[in-house]
1. Tell me the residue from 48, 76, 113 that is buried (at least 16 other Cβ atoms within 10 Å of the Cβ) and closer than 30 Å to residue 247 by Cα, please.
2. Which residue, of 150, 172, is among the acidic types (Asp, Glu) and farther than 17 Å from residue 124 by Cα?
3. In the stretch 198-247, what residues are assigned to a loop (DSSP other than H, G, I, E, B) and among the polar types (S, T, N, Q)?
4. Taking the stated definitions as given, is residue 194 open to solvent by less than 10 Å² (accessible area, probe 1.4 Å) and over 21 Å from residue 125 (Cβ atoms)?
5. From the list 80, 140, which one is more than 19 Å from residue 191 (Cα to Cα), of a type in the set (A, V, I, L, M, F, W, C) and either within 14 Å of the ligand (Cβ to nearest atom) or in contact (Cβ under 8 Å) with a residue 12 or more places away in the chain (or both)?
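The values are calculated or read from the model by the stated rules, or taken from the named source; none is laboratory data. Fair warning: this is a prediction, and the values are worked out from it, not measured in the lab. Counting neighbours? That spans all protein chains shown, and the Cβs are built from the backbone with ideal geometry, glycine included. The area values use the complete protein model at the heavy-atom level, side chains included, leaving out ligands, DNA and RNA. Shrake-Rupley method; radii C 1.70, N 1.55, O 1.52, S 1.80 Å.
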Amino acid sequence: MEFIASYKLRKILVSKNKIELAENFLEIIEESLLNVKDRNITIALSGGSTPKDLFQIIAKDYSAKLDWNRVNFFWGDERCVSPNNDESNYKMVNESLLKPLNIAEENIFRIKGEVNPDEEKNNYQKLIAEKVYLENNIPCFDIMLLGMGEDGHTASIFPNQIELFNSNNYCEVAVHPDSDQKRITLTGRVLNNSKVIIFLVTGKSKSSVVAEILKKSDESKKYPASLVKNENGKLIWLLDKDSASLL
Ligand code: 6PG
């Protein structure tokens with residue numbers, strides 16, 4: 001694990017391969033489990049293809065490494081589709097991680113993509129306010145795993161709807177700019193209130209946006225991912241050599 005730089009509470013970890021990425025991610029979960037003794041930890045997961053490899057490695061080789069029974073699983077965003085649709089973030093996480101680890105139903109709090117989006121936005125908002133530890137009277141996830149698109153979106157907050165990031169709500173209904181697919185997404189109020197935020201970003205195609213954001217260029221302000229700050233804890237960028245190649 002190559003440690004590039006630490007700015008304030010921001011860390012940038014560049015892994016040489018997927019195994020090392022998985023081990024970095026697990027170390028963060030392990031630390032969270034050690035820091036929190038009186039309850040389960042809460043982790044909000046992102047969708048997309050990047051975390052899928054990570055989850056499969058963890059489920060295959062690291063199932064015994066952690067007390068997974070002490071982890072409650074949530075989502076940072078979800079596509080408004082049924083849970084058995086290949087587009088579903090729940091389906092991806094369930095098949096690559098939750099089922100192989102035998103996670104109990106009572107530890108899984110999915111966004112119901114099959115429900116009317118405006119209704120589910122309110123439902124999930126109520127759910128996280130009830131099930132997630134509050135800090136500053138806002139749900140405070142112990143770990144927030146975020147991905148980043150090549151356009152600098154994160155969760156389901158896209159550049160053409162960047163105002164959703166600063167919504168007063170904990171959840172909003174977003175629309176994918178190309179597919180017009182509706183999404184439910186957590187907003188910046190919750191993302192930035194997390195104890196530990198992890199940006200898991202790999203691949204050359206994202207290297208320029210990663211560099212712009214980490215170097216805080218003026219250009220980067222248009223990217224929703226640039227609005228993610230470590231107001232309440234740590235912000236860790238888990239990168240690979242390709243995505244870190246312009247740093
Ligand atoms: C989603 C994700 C989204 C994802 C990025 C990166 O629902 O698609 O939550 O924010 O993290 O689009 O996706 P990849 O890992 O597939 O590049």
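1. On the way: 48 fails: buried (at least 16 other Cβ atoms within 10 Å of the Cβ); 113 fails: closer than 30 Å to residue 247 by Cα.
The conditions single out 76.
2. Working: 172 fails: farther than 17 Å from residue 124 by Cα.
150 is the lone residue from the list that is among the acidic types (Asp, Glu) and farther than 17 Å from residue 124 by Cα.
3. Initial filter on the stretch 198-247 (assigned to a loop (DSSP other than H, G, I, E, B)): 202-203, 215-217, 223, 228-233, 241-247.
Within the stretch 198-247, 202, 217, 230, 232, 243, 245 meet the criteria.
4. Working: open to solvent by less than 10 Å² (accessible area, probe 1.4 Å): yes; over 21 Å from residue 125 (Cβ atoms): no.
In short, no.
5. Details: 140 fails: more than 19 Å from residue 191 (Cα to Cα).
Of the residues listed, the single one that is more than 19 Å from residue 191 (Cα to Cα), of a type in the set (A, V, I, L, M, F, W, C) and either within 14 Å of the ligand (Cβ to nearest atom) or in contact (Cβ under 8 Å) with a residue 12 or more places away in the chain (or both) is 80.
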